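Below: the structure, in structure tokens.
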Amino acid sequence: MALNKILIVEDDPIQQQRLQAILQTTGAQILVGANGQQGITLAEQEKPDLIFMDIVMPEVDGFSACRHITSGNATRSIPVVIVSSKHQEADRVWAQLQGASALVAKPFSDQDILDQVKAFS
């Protein structure tokens, strides 16, 4: 299955641009939210095929947004990949408990991100 729509939820503009540049090579439409609340709204409205989610963000953090998305009737089937500098084993376990499908550590390589796209295609 090709991924037609990918959502990036990241508050850091530099990280946003980097993820966008990597993901544009997939040919998918790229959507961007700057905080967890925007991520939730975009997930519900746009139904992306995959979400890359930061953890530390204003308003609603990534863990809360992930939990909301993965427990919502309309959005529970969307895989959420946590992308964060918080990547201790406890963070991985907590991400899974919130419904995340995977965790990618910052700093990440282009291949780290593309491997996740491939895994969920």
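The values are calculated or read from the model by the stated rules, or taken from the named source; none is laboratory data. Fair warning: this is a prediction, and the values are worked out from it, not measured in the lab. Don't worry about glycine lacking a Cβ; one is built from the backbone with ideal geometry, like all the others, and counts go over all protein chains shown. Areas reflect the complete protein model, heavy atoms only, side chains present, ligands, DNA and RNA absent. Shrake-Rupley method; radii C 1.70, N 1.55, O 1.52, S 1.80 Å.
What number of residues in the stretch 105-119 are at pLDDT 95 or above, aliphatic (A, V, I, L, M) and either surrounded by fewer than 17 Cβ atoms within 10 Å (Cβ to Cβ) or over 14 Å from MET53 (Cα atoms) (or both)?
2
Filtering the stretch 1-25 down to residues that are over 19 Å from ILE82 (Cα atoms) and out of contact with any Gly (no Cβ under 9 Å at 6 or more places or on another chain), which residue is modelled with the highest pLDDT?
Residue satisfying both the conditions and the ranking: THR25.
Within the stretch 32-54, identify whether any single residue is closer than 16 Å to VAL104 by Cα, in a loop (DSSP other than H, G, I, E, B), free of Cβ contacts under 8 Å to residues at least 60 places away in the same chain and open to solvent by 50 Å² or more (accessible area, probe 1.4 Å), and answer yes or no.
There is no residue in the stretch 32-54 that is closer than 16 Å to VAL104 by Cα, in a loop (DSSP other than H, G, I, E, B), free of Cβ contacts under 8 Å to residues at least 60 places away in the same chain and open to solvent by 50 Å² or more (accessible area, probe 1.4 Å).
Looking at ALA65 and the list (1) within 19 Å of ALA95 (Cα to Cα); (2) in a helix (DSSP H, G or I); (3) without any contact (Cβ under 8 Å) to a residue 40 or more places away in the chain, which single condition is not satisfied?
So ALA65 meets the others, but not (3).
Of all residues in the stretch 72-84, count the ones that are closer than 17 Å to ILE55 by Cβ and open to solvent by 80 Å² or more (accessible area, probe 1.4 Å).
Selection size over the stretch 72-84: 0.
Does SER64 qualify as being more than 26 Å from LYS118 (Cβ to Cβ), out of contact with any strand residue (DSSP E or B) (no Cβ under 6 Å at 6 or more places or on another chain) and not hydrophobic (A, V, I, L, M, F, W, C)?
In short, yes.
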